[in-house]
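See below for the structure under consideration.
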Amino acid sequence: MSLPKRYNPGTSEPQIQQFWRENSVYHYVPDDSRPLFTIDTPPPTVSGHLHLGHVYSYTHTDLVARFWRMNGFNVFYPMGYDDNGLPTERLVQRQHNVSAADIGRQAFIERCLEVSEEAEHDYESLWQRLGLSVDWRYTYRSIGPLARRTSQWSFLDLYHKDLVYRQQAPAIWCPECQTAIAQAELDVLERERAFYTLIFTLEDGTPIEIATTRPELLPACVAIFVHPGDPRYQSRIGQQATVPLFGQRVPILADRGADPEKGTGVVMCCTFGDTDDVQWWRTHNLPLSEAIGRDGKLTPVAGEFAGQSTATARQQIIDALGESELLASQTDIQQYVRIHERCDTPVEYIVTPQWFVRVLEFKETWLRIGDQIDWYPPQMKNRYLEWVENLNWDWCISRQRYFGVPFPVWYRADTGDIVVPDVDELPLDPLESKPRGYEDVALTPETDVMDTWATSSVTPQIVGQMLNNPALYERVFPMNLRPQAHEIIRTWAFYTIVKSYHHFGQIPWQTIAISGWGLAPEGQGKLSKSRGGGPVAPLTMIESYSADAVRYWASSTGPGKDSVISEEKIQTGAKLATKLWNVARFSQRFLDGYQAEQPPPALSTADRWILARLMQLIERATTLFHQYDYAAVRSEIEGFFWRDLSDNYLEMAKQRLYDTASSYHPGAKFTLHRVLESVIALFAPFLPYVTDRIYQAILRRENRPISVHLTAWPQVNPDLNDQSMLAVGEALIEIATAVRRFKSENQIALTTPLAHLHIDPQDDALLAAALAGAQNDLASVTRAEKTTVGNGAPNGLTALPTPGKFTVALRVAS
């Protein structure tokens, strides 16, 4: 099959994609003796259109999958879609401008299902066009029957082990989404905020000043704290003070958590403004007064300010304090505010009944497990350890939403006791059915749904089909690799570790490889599906430059590092694919029908050098891939391809390739075949389309695999690994470079012949012998009609500047 003059990825890539699909190139084989490599693929959240940031990170996983497949492993590479929970609800609200309150719970759930199905079809189309080597037979939805059954099984198992509990307690609350959230779903926003100093009154009428950023919490003030070692207030400990404007009397208590250097050194405790308030409330057994409701508005305890938003109430209360001369001062400060990562809304702390998974009492276990997992890059383990060390809350898994996995829980109407079903009844919705044996008992169904992470944390059990296909699950779990982004170490990685340990007492995977973010250009920051997805859609880039070119950009940065979207790098990737195509076209005339064989007796110096360099490259690339440093792998291969092969070796070998009568012609053909075959295989994980097209046209022979992606990763051949030739090859390149520079500086065409080229090896006998055997190679690359090697230069030649190990002189043909 002859390669056309020009490579057209727009037509070729879809054809190759269809070939892969029709021939099951990437299928996992259940009954296979090969070693397994299993991947716990991250399921993209259905919250908008995929962007180039997703292309960036998902390409990294595919590079690894392709490498291990070519190394003889039976790769289990599934795909999922995280389509339950708040992100999908918010997508529906944005797209259709409806909520469950508008159209009813069931209609809203059905709308969520429709939207998520449409989005997932688009996701799969993009992933396939990008060339992900996923086995699409193993695809799941986190709202699908298997995922719901597995997630509910997980809850029941934790419930029966007393590792999950329900409690009426302060929970982190998002007023915008009107649901509890977990500590891991918090981000921090820095902003300028007014810092008010308010005047409280002691029992004897003495004023005491307290600084706060949240005067709207005054109606919920239940105590005042000072540091026990602060001499300014030691005499006041045990007294009471009156809260300005609202009038309640609260105790003055001592606690080392009060910072004498912050504000006036006196801090009010309100239920609740932050985690310090929660801690003090618990430690000192304080009363509860809730000033902010689930909707983010003030409650009746705020009196005339009830029903106002926190921002409006804050200003009205400050105005009232000023009028009452109870506002001592006001200044602006920089403040860090905790916000919900999904909507950027500042969170509140609301007392509600919630379900929690026990994690705090297992901190030492989580730290130990973190040390048992291989992290790439290694420093990412520190993020995990730091997160565990700073945990303050058990994991809240209940959400006051609609579209999610229901809790398999009911409450007896007469006693309030919890009722759960048997495992064989799953999946079920307590709003639609009752558990077996309770058909005639009055039960109240749990209306909350599980946090999406409660389901995503059992992805190994979902993709391994633990409940449906135990034989498959036994083979694939624990998994080899968890690829994921760094911002969800605290959620997906941590929660999966928690579930795996609580359920099975083992780690879920051997290795975790962390990707960075694809960043929008010009300092626009991280790309986000829910915020528009960036300036250019992935398919636009693929259609403009090719999937291989986009993958080239995605593979330009190592694990854990962020990368700015660069159209220039994508263009460079397209140029690389074109150059690879052109090299293959040049080679095809010499390799048509060629059968690889043992090296012929006559290998030139250039042959031996390029083969040694190839062995060095294979060893280096293999080592780096084992370290998940795919960017360094691609850089090494690319450098070899451009500098060593394209710019130099091919020019050195051309004369011998065309001269079929030359005794060195068979060696040139053997070397070209071996090098091209290896380069195509090495590039295959990065540029899967163009490499497979070239392989099938030039390199595939009878009884060989149908695709380059099913061939073996190149191995080092000791017979071709003459490392002494590396220095000689560098000398050949330096000579060729010196001649090219001379011609360019003197405005002489590179194709102009040289009458005479002479190299003086400076009494280096080994170099002299090697160069003497490279005269045909040097003649080919420099267009020299005569080449000589020896001490001293003949008269009439022009000396060229060289690094000093040898000298070069020449005369241009007249």
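The values are calculated or read from the model by the stated rules, or taken from the named source; none is laboratory data. Keep in mind it's a predicted model, so treat the numbers as computed, not measured. Cβ atoms come from the backbone with ideal geometry, glycine included; neighbour counts cover every protein chain shown. The area values use the complete protein model at the heavy-atom level, side chains included, leaving out ligands, DNA and RNA. Shrake-Rupley method; radii C 1.70, N 1.55, O 1.52, S 1.80 Å.
The table below gives the values:
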read-out	value
Column: log10 I(q)/I(0), Debye, Cα scatterers of the range 109-248, q = 0.11, 0.15, 0.20 Å⁻¹	-0.78, -1.03, -1.32
Proximal lysines to Lys575, defined as alpha-carbon separation beneath 17 angstrom and excluding residues fewer than eight positions away on the same chain	Lys5
Degrees between helix 380-389 axis and first principal axis of the chain (Cα, 0 to 90, nearest 10)	10
Dipole magnitude of the chain, debye to nearest 20 (Cβ charges: Lys/Arg +1, Asp/Glu -1, about Cα centre)	2900
For the range 84-99, 3J(HN,Hα) per residue [Karplus equation, 6.51 cos²θ - 1.76 cosθ + 1.60, θ = phi - 60°, Hz, x = Gly/Pro]	10, x, 4, x, 5, 4, 5, 4, 5, 4, 5, 6, 10, 6, 9, 9
Cα-Cα separations in the chain greater than 36 Å, expressed as whole percent	58
The chain, relative contact order [Cα under 8 Å, separation at least 6], %	15
Partners for Lys499 among lysines (Cα-Cα distance below 26 Å; same-chain residues under 8 apart left out)	Lys161, Lys363, Lys381
Proximal lysines relative to Lys786, as straight alpha-carbon distance under 18 Å, when same-chain residues fewer than 8 apart are discounted	Lys654, Lys743
Surface accessible to a 1.4 Å probe, Leu217 within the full protein complex, Å²	10
Under-5 Å amide H pairs with Thr787, H placed in peptide plane, nonlocal only	Leu757
For the chain, share of DSSP beta bridges that run antiparallel, in % to the nearest 5	70
Value of D in µm² per second that Stokes-Einstein yields for the range 342-462, Kirkwood Rh from Cα pairs, at 10 °C (1.306 mPa s)	91
Heavy atoms of Arg236 accessible to a 1.4 Å probe, total area in Å² rounded to 10	50
15 Å beta-carbon shell around Thr212, net charge (K/R +1, D/E -1)	-3
Estimated vicinal HN-Hα couplings, Hz - the range 247-259 in sequence order (Karplus 6.51, -1.76, 1.60; Gly, Pro = x)	x, 6, 9, 10, x, 9, 10, 9, 7, 5, x, 6, 9
With DNA, RNA and ligands ignored, accessible area of Ser33 (1.4 Å probe; Å², nearest 10)	120
Furthest towards positive pole of dipole, Pro228, Ser133, Ala485, structure part the chain, Cβ charges	Ser133
Note, ³J(HN,Hα) from phi for the range 37-44, Karplus 6.51, -1.76, 1.60, rounded to Hz, x at Gly and Pro	10, 10, 10, 8, 4, x, x, x
Residues whose placed amide H lies under 5 Å from that of Leu36, excluding near-sequence neighbours	Asn74
Value of Rg/Rh across the range 361-431 [Cα atoms, Kirkwood radius]	1.16
Using alpha-carbon coordinates, inclination of helix 665-683 to the longest axis of the chain, degrees	10
Viscosity 1.306 mPa s, 10 °C: Kirkwood-radius Stokes-Einstein D of the range 564-722 over Cα pairs, µm²/s	98
Cut-off under 5 Å, modelled amide H: who pairs with Thr179 long-range	Cys174
Kirkwood-based shape ratio for the range 42-105, expressed as Rg/Rh from alpha carbons	1.20
Cβ-placed point charges (K, R +1; D, E -1), dipole of the range 583-671 about Cα centre in debye, nearest 20	160
Expected 222 nm ellipticity per residue - DSSP helices of 4 or more, -39500 (n - 2.57), all of the chain, to 500	-11500 deg cm²/dmol
Solvent-accessible surface ranking, highest first, for Lys743, Lys805, Lys654 at 1.4 angstrom	Lys805, Lys654, Lys743
Under the Debye formula (equal points on every Cα, no solvent term), log10 I(q)/I(0) of the range 287-336 at q = 0.16, 0.22, 0.24, 0.26 Å⁻¹	-0.57, -0.89, -0.95, -0.99
Under 13 Å, Cβ to Cβ, from Leu385 - net charge with Lys/Arg +1 and Asp/Glu -1	+1
Residues Glu487 and Glu325, FRET efficiency given R0 of 45 Å [Cβ-Cβ distance, rounded to 0.05]	0.40
Nearest-ten-degree value, helix 494-504 long axis tilted from longest Cα axis of the chain	80
Dipole of the chain, positive end: most advanced residue of Ile514, His340, Leu750 [Cβ charges, Cα centre]	Leu750
Lys/Arg +1, Asp/Glu -1 at C-beta; the range 201-279 dipole; positive extreme among Leu218, Gly263, Thr201	Thr201
